[in-house]
1. One residue is enough: does region 219-237 have a residue meeting the conditions under 15 Å from E186 (Cβ atoms) and not in a helix (DSSP H, G or I)?
2. Out of Y223, Y184, Y153, Y191, report the one residue that is buried (at least 17 other Cβ atoms within 10 Å of the Cβ), over 30 Å from R111 (Cα atoms) and either touching a strand residue (DSSP E or B) at 6+ places or on another chain (Cβ under 7 Å) or aromatic (F, W, Y) (or both).
3. Does G73 satisfy being farther than 23 Å from F265 by Cα, small (G, A, S) and either without any contact (Cβ under 8 Å) to a residue 24 or more places away in the chain or part of a helix (DSSP H, G or I) (or both)?
4. Are any residues in region 164-209 in contact with a Pro (Cβ under 9 Å, 6 or more places away or on another chain) and closer than 30 Å to E267 by Cβ, and if so, which ones?
5. Could you say which residue among N39, N63, N75, N82 is in contact with a strand residue (DSSP E or B) (Cβ under 8 Å, 6 or more places away or on another chain), in the same structural domain as I229 (by TED's automatic domain parsing) and polar (S, T, N, Q)?
6. Sort out which residues of region 2-48 are in a loop (DSSP other than H, G, I, E, B) and either among the acidic types (D, E) or under 14 Å from the mean Cα position of the chain (by Cα) (or both), and write them in order of number.
7. Output yes when any residue across region 255-269 is part of a loop (DSSP other than H, G, I, E, B), basic (K, R) and more than 22 Å from the chain's Cα centre (by Cα), and no when none is.
8. Output the number of the condition that D15 fails; it satisfies all remaining conditions of (1) over 20 Å from K225 (Cα atoms); (2) buried (at least 16 other Cβ atoms within 10 Å of the Cβ).
Amino acid sequence: MGENTRSMIFTIYGDHIHHYGNKIWIGSLIRLLKEFGHNEQAVRVAVSRMLKQGWIQSEKQGNKSYYFLTDQGINRIEEAANRIFKLKPNEWDGKWRILMYTIPEEKRQIRDDLRQELLWSGFGSFSNGCWISPNNLEKEVKLLIEKYDIRDYVDFFVSDYIGPKDHHALVEKSWHLDQVVERYEEFIEMYSKQYIAHQSIINQGEMSDAECFVERTKLVHEYRKFLFINPGLPKELLPAKWNGTIAATLFNQYYQILAEPASRFFESIFKENNDLWKKDESYDAKQHPYITQ
């Protein structure tokens, strides 16, 4: 439950709190997580862990503790949002980015952490210590080199592939896209039914704001998991039976019918005991700022 609580807090920060000044009273956070069956102790433990990992910071105002995203947290949330709300695959410049490293055994923990970060950013494991991506990830790589202080152990290239195989052979060697297609199929099957059912109920006013908040957050939480397995390849490199775009369209349509009532519920909880009520004026729940065609 602990890891699940922390993951759900990330989702709520990204989908809600981030648009309201990034800061929330711990009591409001506990109240929101209660909607998903997470108790107060689980929330406090998860928040403590996120503090230690540098994702959030705390501040006291009177006898109240408020928690807000650090720069590291904001960067991660925005990077995730830009990818999760994208409806169409990237355009490709035809170049491959190659990151090669040899990290000594005594820095094994750094090597393991770096591997997870590279997977999250969409790199594929081409061979031992060699990671590739067709996407422009120079900025992300530079940040990783600084974060883990591994300048002495890595080399980074932007290159052309001239064979002897074709580009799709590189993709097959570096990623397991058939597994991603299966996961998208499961998502489409499950959420297309829910979307149709909830569309009717919401239109008839028979679904509460709290229920819409729970469903919207669960939807984002589930869809967010694709960030860890979908490398976000350009359309030229996707398999013929790619269903990621269908899933993205379904997600977007379902998100939009839940958006406004979900935001109303969040605001009702957030405003209580929060003297720092601050809403990003450009934020429109239905026209999400990160949704890109």
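1. yes
2. Working: Y223 fails: over 30 Å from R111 (Cα atoms); Y184 fails: over 30 Å from R111 (Cα atoms); Y153 fails: over 30 Å from R111 (Cα atoms).
Answer to the check: Y191.
3. Against the criterion (farther than 23 Å from F265 by Cα, small (G, A, S) and either without any contact (Cβ under 8 Å) to a residue 24 or more places away in the chain or part of a helix (DSSP H, G or I) (or both)), G73 qualifies.
4. Listed by number, the residues that qualify are I202, M207, S208, D209.
5. Working: N39 fails: in contact with a strand residue (DSSP E or B) (Cβ under 8 Å, 6 or more places away or on another chain); N63 fails: in contact with a strand residue (DSSP E or B) (Cβ under 8 Å, 6 or more places away or on another chain); N75 fails: in contact with a strand residue (DSSP E or B) (Cβ under 8 Å, 6 or more places away or on another chain).
Every option except N82 fails the conditions.
6. To start, the set of residues in region 2-48 that are in a loop (DSSP other than H, G, I, E, B) comprises 16, 20-22, 35-39.
Scanning region 2-48 gives H16, E35.
7. No, region 255-269 has no match at all.
8. (1)
The values are calculated or read from the model by the stated rules, or taken from the named source; none is laboratory data. If you're wondering where the values come from, they're calculated on a predicted model, not measured in any experiment. Counting neighbours? That spans all protein chains shown, and the Cβs are built from the backbone with ideal geometry, glycine included.
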